[in-house]
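Reading through the structure tokens given below for one structure.
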Amino acid sequence: MITAVKHDYKGEAVKIGFTGSRRPERARLGPITGILSFRWIVIAFVLILWFVYYPIIDNFVVSTKNQDIFTGETAYVGLDNYRRLQSDPVVGTAILNNTLYAVISVVFQVFGAFVLAALIEGLSEERWRRFWRAVYFVPSAISITVTGLLFYFIYQPDIGLLDSALTQIGLADWSRAWLGEEQTAIYAIIAMSQWQGFGYSTLLFAIAIQKIPRELYEAAIMDGAGTWRRLWNITFPLTREMTGLMVIVTITGAFQVFNEVMVMTGGGPNNSSQVLGTWLYQQGFIENDFGYGAAIASVIFVITLLTGFAQLWYTKRRRVDL
Amino acid sequence: MSVSHQSRETERTDFVAVLAKVCLVAFLISLGVVVLYPLFWMALNGFKTNAEIFGNPFALPGGFSVANYIAAWNQGIRNYIATSVIVTLGSAVCTVLVSAWTAYGLTRSKLPGKPFFVGIVLGGLMLSPTVAVIPLVRMMQDLGLYNTYWALIILYTAFRIPFTTFLIRAYMLGLPRDLDEAAIMDGASEGQIFWKVTLPLCKPILVSCVILHVLFAWNEYLFAMIFTSGADLQTLPVGLTSIMAKHGTNYAVVFAAMTLSALPIVMTFFAAQRFFIRGLAEGIGK
């Protein structure tokens, strides 16, 4: 912002040198050009306020009402829908599943991806570095619907790859209907999600690692620091901001999960793999209980808002550090 | 004596280094197989007959007949791809154009109170589609946009403006202002400067933004599922689940359909990898 002011001012000063007489006129037009400048942002702000901000507010209004699907009448019920949340066992399962999603994703897609990116960037030839980054990224480019369906088939006992592979390596006892059993369904979905997403965060870490000055590593090698020491004492501290951001982004994403659960199990069996997003869909659009669905949405909103603030705080702190 | 000792030492470190390197490469290759094999399996199953699919899953198909692919193409994929292309390109153009305007207004114009408006745009990054979906249904019905292309184009645009504006704004802040100043001296208006000076300079980030948007819109599922219901208006991700529901027992066609819907985006990624990575690098703050 400050540079903008400075530059405008400089532009103005240069202009005076050329056509000094026009200065008063421009000063008079100042406020008008300021208001005219709204035309650059007006479309974006109409769209954002109308379709992004307003629905969030409206969501709270909807959550305090119940609509009778037969008569179409709506009644104000206050916080009843939120009280229902407390006594709904599936909400508990869903929050637990979202939390599992977050924890496992942080382990694999943040810390696992960090180590993998460091290993790839440690390769000596750029050709191979580019190759591996691209290979691991491929699943991230494909829609979750496709990968979800693909793993739906992979997990099938009759035609799937997984059980067949387990049988061939002598672990036939381990084979099961991964998505059909309450104990394994959510883990099977989370595993698919790791398979799909780790390449994306690996790529982001690789970009962050590339920004570290090479001299630091050369100096460390001169001092006799081994691979792990360099990883721990140089790469990790210098990509810490990135790591922090990735943790926050991953947690936010984990609480918005919808697509893969919807495609692979629809929340079943027996609601064991429900997450907040699919339970919202189930209540709002299958049971047509908009009020209760909106209350579930509010829970997602509060959680993502908290992680969002954590992200803003983190980004701001990083800017100050640099 | 000391020389031979030293050489033995180097030999040993060489051996350790080679062993580490071999382990690393072996690890990278196995991980690569885990990542790519399921995708090959998907494409291969598209060539199999249903009976072969129920046989050994690791076996190769008996022949490479494209019958399943043609069936999948004719039984819906063609329409779904057409819809996806319309919605993706429509929303990509809208998003990038509106975001470029906004970024320009937020960096170069004489707009008063810029930090406030920047705050509103960035705040939009925190709001997720899942939370807005129930109120949006009624809103779209009231607007008469429910079950139209426009519902998706407008929503994809609105929800992606914050992120895209954020990327373009960051890029514009880093651009030199000499050209702007020269244009002002030549008497160019703000509008002329935007179209003739700033926008051409921003081309690299605009390309990255288009690619990131295409990746998002092509794969989006929640809005596409809720705001379209007719088969003519379904995008690929939603269409795939309907194919799955319709041909639930003819797995080979489903596999072919999945492969066909993954192919365009994977090819786009490889073709535009450079721009894509730059877009990600610029947007790392998100």
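If you go through the range A:187-221, how many residues are farther than 24 Å from A:Gly266 by Cα and of a type in the set (Ser, Thr, Tyr)? Selection size over the range A:187-221: 4.
Within the range A:85-108, is even one residue more than 14 Å from chain B (Cβ to nearest Cβ) and outside any helix (DSSP H, G or I)? Checked the range A:85-108: at least one residue is more than 14 Å from chain B (Cβ to nearest Cβ) and outside any helix (DSSP H, G or I). Of the residues that sit in the range B:174-183 and are in a helix (DSSP H, G or I) and more than 8 Å from every other protein chain (Cβ to nearest Cβ), which one is surrounded by the fewest Cβ atoms within 10 Å (Cβ to Cβ)? Ranking the candidates gives B:Asp178 first.
Residue by residue, here is whether (1) within 30 Å of B:Thr13 (Cβ to Cβ); (2) of a type outside the set (Ser, Thr, Tyr); (3) buried (at least 21 other Cβ atoms within 10 Å of the Cβ) holds:
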site: A:Ile207; (1), (2), (3): no, yes, no
site: A:Ala225; (1), (2), (3): yes, yes, no
site: A:Ile234; (1), (2), (3): yes, yes, no
site: A:Leu245; (1), (2), (3): no, yes, yes
site: A:Thr250; (1), (2), (3): no, no, yes
site: A:Met262; (1), (2), (3): no, yes, yes
site: A:Phe285; (1), (2), (3): no, yes, no
site: A:Gly291; (1), (2), (3): no, yes, yes
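Determine whether the range B:251-269 contains at least one residue that is in contact with a Ser or Thr (Cβ under 8 Å, 6 or more places away or on another chain), of a type in the set (Val, Ile, Thr), in contact (Cβ under 8 Å) with a residue 24 or more places away in the chain and surrounded by 22 or more Cβ atoms within 10 Å (Cβ to Cβ). No, the conditions are met nowhere in the range B:251-269.
Looking at B:Ala170, B:Ala151, B:Ala182, B:Ala188, just one residue is of a type in the set (Gly, Ala, Ser) and closer than 24 Å to A:Thr250 by Cα, and that residue is B:Ala170. Scanning the range B:44-68 for residues that are under 16 Å from A:Leu150 (Cα atoms) and either assigned by TED's automatic domain parsing to the domain that holds B:Phe255 or crowded, with 18+ Cβ neighbours inside 10 Å (or both) returns B:Leu44, B:Asn45, B:Gly46, B:Phe47, B:Lys48, B:Ile53, B:Pro57. When A:Thr278, A:Thr265, A:Thr202 are checked against the criterion of being under 19 Å from the mean Cα position of the chain (by Cα) and within 17 Å of A:Leu100 (Cβ to Cβ), a single residue qualifies: A:Thr278. Checked against the criterion of being of a type in the set (A, V, I, L, M), closer than 18 Å to A:Ile48 by Cβ, without any contact (Cβ under 8 Å) to a residue 40 or more places away in the chain and part of a helix (DSSP H, G or I), the range B:107-127 contains one or more residues that satisfy it. Can you find, within the range A:296-312, the residue that is modelled with the lowest pLDDT among those that are under 21 Å from A:Thr64 (Cα atoms) and among the β-branched types (Val, Ile, Thr)? Residue satisfying both the conditions and the ranking: A:Thr304. Surrounded by fewer than 19 Cβ atoms within 10 Å (Cβ to Cβ) and more than 10 Å from chain A (Cβ to nearest Cβ): does that describe B:Ala72? Considered against the rule, which asks whether it is surrounded by fewer than 19 Cβ atoms within 10 Å (Cβ to Cβ) and more than 10 Å from chain A (Cβ to nearest Cβ), B:Ala72 comes out as no.
Here the range A:265-278 is the region considered, the condition is being away from chain B (no Cβ under 11 Å) and in contact with a Gly (Cβ under 8 Å, 6 or more places away or on another chain), and the residue that is nearest to B:Met225 (Cα to Cα) is A:Gln274.
Of everything listed in (1) surrounded by 24 or more Cβ atoms within 10 Å (Cβ to Cβ); (2) facing chain A (nearest Cβ under 10 Å), the single unmet condition for B:Leu222 is (1).
If the requirement is being hydroxyl-bearing (Ser, Thr, Tyr), under 30 Å from A:Gly284 (Cα atoms), at pLDDT 90 or above and in a helix (DSSP H, G or I), which of these qualifies: B:Tyr156, B:Tyr104?
Only one candidate qualifies: B:Tyr156.
Being at pLDDT below 90, in a helix (DSSP H, G or I), within 11 Å of chain B (Cβ to nearest Cβ) and under 30 Å from B:Phe270 (Cβ atoms) holds for only one residue in A:Ile159, A:Ile207, and it is A:Ile207.
Could you tell me which residue of the range B:131-170 is nearest to B:Ser229 (Cα to Cα), considering only residues that are buried (at least 23 other Cβ atoms within 10 Å of the Cβ) and among the hydroxyl-bearing types (Ser, Thr, Tyr)? Among them, the one singled out is B:Tyr156.
The values are calculated or read from the model by the stated rules, or taken from the named source; none is laboratory data. Here the structure is a predicted model, which is why all the values come from computation and not from measurement. A quick note on method: Cβ atoms are made from the backbone with ideal geometry, for glycine too, and the neighbour counts reach across all protein chains shown.
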